[in-house]
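Below: the structure, in structure tokens.
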Amino acid sequence: MTQGGWSRRQALRLGLSAAAGTVAMPFVARNGLAAEPIKLGSLLDGSGALGLEGKRMIETTEYAVELLNKAGGLIGRPIQLVAYDTQSTMQLYTQYAQQLALKDKVDVIQGGITSASREAIRPIFGRSKTLYFYNTQYEGGVCDRNVFCTGSTPAQTVNHIVDYGLKNWGKKAYIIAADYNYGHITASWMTKFMKDGGGSVAGTDFFPLDVTNFSSAISRIQQAQPELVLSALVGANHSGFYRQWDAAGMKAKIPLASSVFGLGDELTTMDTSTTNGIITCYGWYNDLDTPASKAFVSGMQAKFGADVTDLSELCTATYEGIMFWAEAVKKAGSVERDKVVAALETGITIDSPTGKVTMDPGTHHTIRNTYLARPKDRKWEILATFPNSFPADTGGACDLVKNPRMNKQFTPDMKG
Amino acid sequence: MDLAGLLAFNVVTGIATLVLITLGLGVIYGMMRIINLAHGEFMMLGAYTAVMASGAGVNIWVAMLVLPPLVVGLIGLVLERTVIRFLYGRMMDTMLATWGVSLGLIGLVTTLYGNVVRGVSTPVGSFDIGRYGASLYSLVIVAAALAALVGMFLLLRLTKFGLILRATMQNPRMAAALGVAPNRIYMATFALGAALAGLAGGVLAPISGVSPAMGAAYIARAFITVLGGGPAIITGTGLASGLFGTINELVSFKTTPVIGDVALLAAAILLIRVLPQGITGRYLRRSL
Amino acid sequence: MTPSRPSPAVGLSLLGFLATLALGLAILFGAPRTLDTFGLVQCTGFAALAMFGLSQGFVWGFAGVMSFGQAAFLGLGGYAYAVSVINLGDSTLPVLIAIVVPMLFAGLLGYFMFYGRISDAYIGVITLTVSVILFQLVNATSGSQYRIGAAELGGFNGIPAIPALNLPGHPDEPLDNDGLWYAAMGALVLAYVLLRAVLASRFGRVVVAIRENETRAQLIGYDPRLYKLLAFMIAAGVAGLAGCLYANWGGFISPTVFGLSMSAQVIIYVLVGGLGTLVGPMLGAVLIQWLIIAAGSQTVVDSNLGLGLVLVGFVLLVPQGLVPVVRGLLLRLIERRTPSRPAPEAGGALATERAR
């Protein structure tokens, strides 16, 4: 850790950065100390309510950086990972975002899990002109030249679970969602897709992230007698809903579909009776049977142990975020923000574990495959594939090529 | 009518849950005048015990009902010996110290097991109230709450230990003069309160996510119920839980769980304003 | 305390005040010249939290009111500033609103508690419960229907992109990082001086007298309820200003400011720094905040474990906090030269301490 540019504080820092340091070592050893490293900043929750999801995303970040460094780095320079654990607290997101942008002066930032955290740090990077990748499946609509989103969005996923419900279960839905911007906007999309498909919504309830007791909610749902339940419940506490739903014997009576279920370790920790049959739709499943997908899983398992069986779209999106950025840096021959953004806006395509993924220049979102699947005995049973889905939710209104100064988040138009 | 049945069932479950999460705190506060801010974390430890034990293949009922009180009671005993006993008579300092213990336990469990939410599955099925389904496990919660209340009553009323306990509570000097060592009694009481918290954690583990920070969700409700109940531990806890539990469930059903919680807390604050000594500070003063 | 012949403690107290003031001013003007942008931004955050510590230190250490929910006022101040500055543009009035709203709320809550003759421990639990209620209510305002004027409350997400402070009358020129630092640190020094003045006044002496012996103060003819209420309101105003600065620091505020961990942290600031002093809580805030940030960069041990151990350790071993310990050592040095006076006893957390 005596390489130039490493401050004492960084050298003292345990954990992630140390791991990143050892990642960078072999490269440095081979190529000497000539090139100053490119700094990649990472802000993810390694602990706290979202620690489960965040831990795997952090590991993926380390894995991707290691791959790039093994391949010789970018434009002749090694990549140094500067990672902070935001511990699922907003205060630390603000704190570390400022630290990454102003003190560490990183070249790109990859991170943020909840939409709340994204909205807290997005203005900070906008001000400091630091390129930002948000790599989480989310409610869609962010239209900001400085931001690239690699996760899938409702027009690529939620519409498919709603369609499945309308075709197979019935026309009357009940929506339960987490009480923050993700939940509210996703619930609006669910409502819109239900109505577009000729169905109706019997009721919508929102639950703060710390709610664990859903008994009154389950009573309310029963009273409304829907034919299906659409869930956008998020995080560890809300996983109690699925257990209580199962315990109340509701699983046999009303089927469930969810826009977030299974992104954490639900499949490995919950009973199969609780998880089986819940319909989901994401950009990737770890049981996806393609060579690229299998290579990703085995690469992660080789690095982090065979118990890495709960990888999800959050991980592949993180991987894609870093690889898109790397492609653009190669293409631009520079890490300067404006050049990298211009390179990304040429419609770059990469091969990822999820298949071919293209960065849409107008929306800064991805055109990607998505898959419909349900858990079956701790495995994902893939029911359908939707190739090359366009992020239509953002694409309707957002064109950053035409209006580079646009900076807002679009939400579904409920009048239609 | 089915709906009313379901609602009544939910209310009873809500009350039982409140009794469970409050009783341990009530024992420690009522007997020792210590506001144990680590109560939620004692519950968390109980829940972890249940998860770990059932994961290790222990019978689920033993893992939920037997091991948590034993393990957490023991932890309570150790904490009493190492921290709490130096602070008797300094109410504020015990509040602060137990708050420190609470943070420390959250940190310790996070460090050891990671900040991950675990769960045990409910060991029993469901039943129908008319056309509504309800969890049979709720009956287990109700039974556990009743058993805990009745057990405490019998302990205080019929055993010699209970007699000494009550005597020490009323007048420690007199008890000491009669040959009782108040320190020992305090130690036992604190361990008993911790064990009850452990039981609550074990019983509630299957219906809530088990994570290091889970205690925070219960703490405000438990405190305000203890204070609302007043000095008589069993009657007070029972009455206050009945009142607040009903308010909570009914408001939750009509609106959202958040408003239900807020209604519970607001009602409790109003009650304390009207009856600063709690329900049993004014009525039923001679009860246990 | 005999006013005619100042004791070493009083002399030291005055000296301490002047030293603190000088140090505060030195930091105020020195920091922008020595620190980089990031360091200065960080220190601005510290100043906001030190202000929060000051509020808890005042109400707990001098009025003897154990508020376990001081974060309620921090949050109210922050939200009041955010909502009003988004609606009004110019930040002058919003700063005042951020102070007044928590004070009024404290007035209502304090009237409810003190005039209800609710005992100390119950006050702790009630303030804690009130902060939990506020947290839950604000946390549940995610929908776009929850808005005050142009400001969406945002629920769990909080309010992003809060306009920064500006010089009165120039809403289009928000302060830069240096300006925000001067505002935050300047406000902190000012608040410290004002609170010292309050404590030196007749009102302050009565407040301390009530803490020392409520019954005696009442028999002399003071109404403890009124004095406690006013002290509670002053502290709430200071916490509100801290909330305003805090919202300015990140340009962002979310319901976590109402959370239990915020209330816990501020109590730790006071306890570590020194109960019954004003300097202590400020130093404690900086120390603990620095530790939390340092701990966040490593993943081996959860930072809560460290905080918990610090809290238990201080309650058991150093209940009077760092500043009084240092002062005690200084006093003992002076005592050695003038051996006629007995050294002041270092007692429990709420034990007898002279007003400083």
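Each reported figure results from applying straightforward, stated rules to the coordinates on display, with no laboratory input. Since this is a predicted model, take the numbers as computed values, not measurements. As a convention, Cβ positions derive from the backbone with ideal geometry for all residues, glycine included, and neighbour counts pool all protein chains shown.
Odds and ends about this structure:
- Within the straight-line cut-off of under 20 Å between alpha carbons, the aspartates and glutamates reachable from B:LYS254 are A:ASP179, A:ASP205, A:ASP210, B:ASP2, sequence neighbours fewer than 8 places apart in one chain being disregarded.
- Label reach from C:LEU88 (point 7 Å along Cα→C-beta): in segment C:143-161, amide nitrogens under 18 Å belong to C:148-152.
- Per-residue [θ]222 nm for chain C (sum of -39500 (n - 2.57) over DSSP H runs n ≥ 4, rounded to 500): -23500 deg cm²/dmol
- Take the Cα of A:ARG127, go 7 Å toward its beta carbon, and the backbone nitrogen atoms of segment C:79-107 under 18 Å from that spot belong to C:79, C:81-87, C:89-92, C:95.
- Shielding by partners, peptide B:127-138 (average Cβ within 10 angstrom, other chains): 5
- Stretching C:GLU173 away from C:ALA197 to a fully extended chain increases their span by 5.3 nm, per 0.36 nm per residue minus the current alpha-carbon distance.
- Across the options A:PHE193, A:GLY170, A:PRO208, the greatest Cα extent toward the positive end of the charge dipole of segment A:88-220 (unit charges at beta carbon of Lys, Arg, Asp, Glu) belongs to A:PHE193.
- Partner aspartates and glutamates for A:LYS192 [C-alpha distance under 14 Å; skip if fewer than 8 residues away on the same chain]: A:GLU139, A:ASP163, A:ASP393, A:ASP413
- Crossing angle, helix C:260-273 versus chain C [Cα axis fit, 0-90 degrees, rounded to tens]: 30 degrees
- Förster-model FRET efficiency, 35 Å R0, A:LYS70 and C:TRP290, C-beta, rounded to 0.05: 0.40
- Förster-model FRET efficiency, 41 Å R0, C:LEU316 and C:ARG33, C-beta, rounded to 0.05: 0.45
- For segment A:241-306, applying the loop criterion from DSSP together with a ceiling of 15 other beta carbons within 10 Å to the chymotrypsin sites (Phe, Trp or Tyr not before Pro) yields no site.
- Projected label points at B:THR255 and A:ILE382, each 7 Å from Cα along the beta carbon direction, are separated by 4.7 nanometres.
- Among C:213-225, B:4-16, A:364-376, the order from most to least packed when residues are scored by Cβ within 10 Å on average: A:364-376, B:4-16, C:213-225
- Per-residue HN-Hα couplings for segment B:165-175 [Karplus 6.51, -1.76, 1.60; θ = phi - 60°; Hz; x = Gly/Pro]: 4, 5, 5, 5, 4, 6, 8, x, 5, 4, 4
- Relative protection proxy for A:49-62, A:377-390, from highest mean packing down: A:49-62, A:377-390 (other beta-carbon atoms within 10 angstrom).
- Take each residue in A:177-189, count the other chain C-beta atoms within 10 Å of its C-beta, and the mean is 4.
- Under the combined filter of DSSP loop state and at most 15 neighbouring Cβ atoms within 10 Å, segment A:134-197 retains these trypsin sites (Lys or Arg not before Pro): A:LYS171.
- Note on chain A: with a GNM built from Cα contacts shorter than 10 Å, the maximum mean-square fluctuation among A:ILE254, A:ILE109, A:ILE175 falls on A:ILE254.
- Residue (of B:ASN183, B:VAL101, B:MET52) at the positive-pole extreme of segment B:2-219, dipole from beta-carbon charges: B:ASN183
- With helices as the sole contributors, chain B gives -24000 deg cm²/dmol at 222 nm; each DSSP H run of n ≥ 4 counts as -39500 (n - 2.57), and the sum is divided by every residue.
- Residues C:HIS170, A:HIS160, sorted so that the one with the fewest Cβ neighbours within 10 Å comes first: C:HIS170, A:HIS160
- In order along segment C:157-170, the phi-based Karplus estimate (6.51 cos²θ - 1.76 cosθ + 1.60, θ = phi - 60°) of 3J(HN,Hα) comes to 5, x, 10, x, 6, 6, x, 6, 4, 9, 5, x, x, 10 Hz; Gly and Pro are listed as x.
- FRET E, pair B:LEU154, B:ASN59, Förster distance 30 Å, beta-carbon r, rounded to 0.05: 0.70
- Degrees separating the helix C:322-337 axis from the principal Cα axis of chain C, which is the longest one: 30 degrees
- Net charge dipole, segment A:158-258: roughly 300 debye, given to the nearest 20, about the Cα centre with Cβ charges of +1 for Lys and Arg and -1 for Asp and Glu.
- Projecting the Cα atoms of A:GLN244, A:GLN222, A:ALA232 onto the charge dipole of segment A:158-258, computed from C-beta unit charges around the Cα centre, puts A:GLN222 farthest toward the positive end.
- When only the Cβ of Lys, Arg, Asp and Glu is charged (+1, +1, -1, -1), the dipole of the protein assembly as shown relative to its Cα centre reaches about 2940 debye.
- Alpha carbon centroid spacing (whole Å) that separates segment B:177-210 from segment A:114-148: 48 Å
- Cysteines without a disulfide-compatible neighbour (Cβ-Cβ under 4.7 Å), chain A: A:CYS149, A:CYS281, A:CYS315
- Peptide C:317-326 shows a mean partner chain C-beta count of 1 within 10 Å per residue C-beta.
- Point-charge dipole on Cβ atoms (K/R +1, D/E -1) for segment B:2-219, about Cα centre, debye to 20: 700 debye
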